[in-house]
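The values are calculated or read from the model by the stated rules, or taken from the named source; none is laboratory data. Because the structure is predicted, anything quoted here is derived from the model rather than measured. Ideal geometry is used to build each Cβ from the backbone, glycine not excepted, and the neighbour counts take in all protein chains shown. Calculation scope for accessible area: heavy atoms of the full protein, side chains included, ligands and nucleic acids excluded. Shrake-Rupley method; radii C 1.70, N 1.55, O 1.52, S 1.80 Å.
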2 protein chains.
Amino acid sequence: MMRISEAAQHSGLSSKMIRHYEDVGLIQAAARTEAGYRQYSSAQLEQLGFIRHARSLGFSIAQIRDLLQLRDNPHRASREVKQLALQHLQELDQRMLALKKMQAMLNDLVARCAGDDSPDCVIIDELSEPGVTGNE
Amino acid sequence: MMRISEAAQHSGLSSKMIRHYEDVGLIQAAARTEAGYRQYSSAQLEQLGFIRHARSLGFSIAQIRDLLQLRDNPHRASREVKQLALQHLQELDQRMLALKKMQAMLNDLVARCAGDDSPDCVIIDELSEPGVTGNE
DNA sequence: TTGAACCTTCCCATAGTGGTAAGGTCAAGC
DNA sequence: GCTTGACCTTACCACTATGGGAAGGTTCAA
């Protein structure tokens, strides 16, 4: 059993976030010492590591909630896990697409802007135009 | 002079956000009718359109603050505008890089997961491993 | 005069993370 | 035994950008 700061160090999360995850019910409330200090077992450490991994892949807390349930369900079908992952991949794709559009438009503007001492600036001009920008 | 909902329609922003932008000082407080209704001129409409364009390119409110100042400064150097745009492009790049990493890792996991009725699942297994995920 | 469609301000919610403040606890050193 | 520093606790507030809703005022037309 270890305290929260150790659990944080070993899991790669912050103490703050571990408490937060408990608050929002992503993890069960940790056991407490008589003084009220949270205590973490190695099983809980693994869970925290799982969460950090999932977060680093961009899964939301809600998605991780589902992932944890699957993780803890010995009768799961890997199909369900894969389904969640594929769904998340789609979200990542959409985000990428949005970023790419921005990048393309901005790159174009930047290329056409002299970038000198003159006040004439395509970027300002185009942002000022009533036309669309491709994101609505 | 038009009311906020018309200004919203013409600019592509929501009434809500126009008020918000006023709150945070991105735009000057609009004139009011005797009854307290906000009134927008065509010059202000252009400014709102500018903001929407900039937002659709992913510029933050803080960045748009700077862009608006440059827009309104006849003595600006386009270099400064370009500088802001390039900086934002870098941020977009970083975000895209992060997404790409996630995509790559997740794609790999998904490819190695059977996705059938069996509980065996590479995704769960790898998320459970103590190893790194490449994002820390 | 009444009702619909506006408008106002104010508060709350989202997602995830960090900061900080006020207070309790534990262990080491004097 | 007492102090000190490093930890812990809870409870707020902040960020970004946006939306929802409530409670109440206004405008205009039927």
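A few points about this structure:
- Extreme residue, farthest from the other protein chains (Cβ to nearest Cβ), among residues of segment B:115-131 that are open to solvent by 70 Å² or more (accessible area, probe 1.4 Å) and part of a loop (DSSP other than H, G, I, E, B): B:GLU129
- None of B:ALA85, B:ALA111 is of a type outside the set (S, T, N, Q) and over 30 Å from A:GLN83 (Cβ atoms) except B:ALA85.
- A:SER78, sole failed condition from (1) of a type in the set (Gly, Ala, Ser); (2) without any contact (Cβ under 8 Å) to a residue 12 or more places away in the chain; (3) more than 30 Å from A:GLN44 (Cβ to Cβ): (3)
- Matching residues, segment A:33-56, being on the phi < 0 side of the Ramachandran plot and near DNA strand D (Cβ under 9 Å from one of its atoms): A:THR33, A:ALA35, A:TYR37, A:ARG38, A:GLN39
- Residue identified as basic (Lys, Arg), within 12 Å of DNA strand C (Cβ to nearest atom), in contact with a Phe, Trp or Tyr (Cβ under 9 Å, 6 or more places away or on another chain) and modelled with pLDDT of 95 or more among A:ARG52, A:ARG3, A:ARG65: A:ARG3
- A search for C-beta distances below 8 Å between a residue of segment B:17-31 that is touching a residue at least 24 places away in the same chain (Cβ under 8 Å) and any residue that is open to solvent by 70 Å² or more (accessible area, probe 1.4 Å) and not charged (D, E, K, R), counting only pairs 6+ apart in sequence or on different chains, returns B:ALA31/B:MET1.
- Residues within segment A:1-32 that are away from every other protein chain (no Cβ under 14 Å) and near DNA strand D (Cβ under 9 Å from one of its atoms), tallied: 15
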